[in-house]
Amino acid sequence: MNKKAFTLVEIMIATVLLGLVITAAFSIFGGSNKGFKVGTWRMNTQKEAQRFLLQFKENVERATNLYSLGPDGNRKTESKIPITIASKYYNSLASSTDTGILFASRVTPICDKNLELGITQDKNGIWKGISLECYQKTLSFVYTGNKDKLLGSTPSESIGPTSNSRITFGNKDGDFITSLKDVDSLAVYVQKATDSVNIGRHEVLVTLKLVMLMPDSKGQTTVSEQITARIQDREMNDVVKGGTYPSRKR
């Protein structure tokens with residue numbers, strides 16, 4: 001009785017085919033795994049970017065000059081505190097580097113006693129500082145009443161008149177710091193709100209645009225998000241195109 005067996009050639013062909021099947025399977029698995037990582041990064045990054053931008057908008061819209069409310073109820077500009085934007089990012093998309101981006105202040109009005117307005121005693125203005133800075137592709141945004149807690153690149157002119165005895169520093173209410181990773185490039189666009197004429201007041205639009213790049217993706221995987229802050233009682237000359245503001249090593 002003859003016994004059937006595989007020849008060496010048949011075994012070699014079968015081995016090669018099996019190898020091709022295994023290689024294809026690993027290739028498909030690798031591609032699926034990579035696609036999953038990309039999709040997860042996009043979803044998480046987009047969510048974090050939107051959260052970051054909302055906090056930016058809510059607080060930059062509060063950026064003010066220093067006002068006082070007199071006993072007659074009239075408001076007076078005591079001093080102008082500029083919104084300062086680093087020149088590299090002013091109306092231009094540029095690669096993120098270790099530098100400050102945007103700086104501003106919020107000061108509640110100084111109020112004199114006015115019983116008709118329900119102000120029973122003199123009130124000081126409460127100062128809050130705003131700093132936006134990028135360091136090693138991580139964008140940080142700080143809102144604080146403590147001058148010493150501002151990001152290291154913050155220029156002194158954005159803090160305002162520190163010698164005014166009727167401004168209170170050090171208030172901690174609402175203070176926070178938030179950050180966003182993988183920021184590859186950004187821009188701060190500034191323009192006048194033309195429709196503000198209809199309501200009889202000046203407004204400036206400040207748009208922050210961010211482009212995030214997935215690490216090790218060789219420039220292939222990005223997420224882009226932007227948001228516009230509508231800043232009331234501000235004119236275009238209140239927004240200053242500054243210089244460069246190197247961040248300090250942390």
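The values are calculated or read from the model by the stated rules, or taken from the named source; none is laboratory data. Since this is a predicted model, take the numbers as computed values, not measurements. Ligands, DNA and RNA are excluded from the accessible area calculation, which covers all protein heavy atoms including side chains. Shrake-Rupley method; radii C 1.70, N 1.55, O 1.52, S 1.80 Å.
Miscellaneous remarks
- Here LYS192 is the anchor, and the lysines within straight C-alpha reach of less than 19 Å, apart from those fewer than 8 places off in the same chain, are LYS57, LYS80, LYS209, LYS241.
- Sulfur and carbon atoms: percent of accessible area, the chain [1.4 Å]: 54 percent
- To the nearest ten degrees, helix 8-60 and the longest principal axis of the Cα atoms of the chain are 10 degrees apart.
- 222 nm mean residue ellipticity, helices alone, for the chain (DSSP H n ≥ 4; -39,500 (n - 2.57); rounded to 500): -8000 deg cm²/dmol
- Projected onto their three principal axes, the Cα atoms of the range 113-166 cover extents of 53, 21, 14 Å, largest first.
- ILE13 sits with roughly 90 Å² accessible to a 1.4 Å probe, with DNA, RNA and ligands left out of the calculation.
- Values of log10 I(q)/I(0), in the order q = 0.12, 0.14, 0.15 Å⁻¹, for the chain under a Debye, Cα-only, solvent-free model: -0.77, -0.96, -1.06
- Average accessible area per residue (Å²) across the chain - probe 1.4 Å, nucleic acids and ligands excluded: 58 Å²
- Across all C-alpha atoms in the range 132-250, the radius of gyration and Dmax reach 17.1, 54 Å.
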